[in-house]
Structure formats: structure tokens, C-alpha cells
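Since the structure comes first, as C-alpha cells, the remarks are kept for the end.
Values in this text are rule-based calculations from the coordinates and carry no lab data. What you see is a predicted model; the values in this text were computed from it and never measured. Here the Cβ positions follow ideal geometry from the backbone for every residue, glycine too, while neighbour counts run over all protein chains shown.
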Amino acid sequence: MKKALIIAGGLLCAFAWQAHAQDASTENTAQAQPTAADAVGGQPSTTSMSGGPAKAQGLTRADVYQQLIQSQKNGEAARLQDLFKGGN
């Protein structure tokens, strides 16, 4: 009796899994959208993912160093160090 219930449960799971797999594949093909890798041409985004204006180039090493010096002078670096020092 136990063996029959285990087999019946396994078959039920297999059929449910197969039905779910068929449903998922038909939904994905109907809603397929072109990805960035498939896109040709187009315009670069004018906003970043966070919603701020997008910059064409990142900061140079000199810019980053100047920001570091400025944060050390105005105490921001020490405040962040205290904030993120951990739970020790």
C-alpha cells in the first residue's frame, strides 16, 4: 500500500511539473522582448538606473582623490567610518 501511494504521488508530481513547464514556455515566447544585446543602434540613456542624470564618462583618479581629500577635511570620512565600523 505504501509503495502504491509513493508511486502515485511521484506520478502526480511529474505530471504537475510537466504541465507547469508547458505553461511557462508558452508565456515566455508570447512576451519575448528584444534585449540590449539584440538591439541595434538607438540612443544612449539620458538617466541612470537611480533616476539621476547619466554621465558620459566616470570620474578620473584625480577627481576621486579630490573627493577623498574633501571628505577627510569636512569630517564626512570620519562620520562614515563610525557609522560603518561594524558590531565589534
Open item on the list: Quick check on the exposure proxy: order 50, 71 from fewest to most C-beta atoms within 10 angstrom.
Closed with: 50, 71
- [ ] Give a residue-ordered list of calculated ³J(HN,Hα) values for the range 63-72 (Karplus: 6.51 cos²θ - 1.76 cosθ + 1.60, θ = phi - 60°; whole Hz; x for Gly, Pro).
- [x] 5, 5, 5, 5, 5, 5, 4, 4, 5, 6
Task: Computed label-point distance, nm, for sites residue 70 and residue 7 using a 7 Å Cα→Cβ extension - done: 7.6
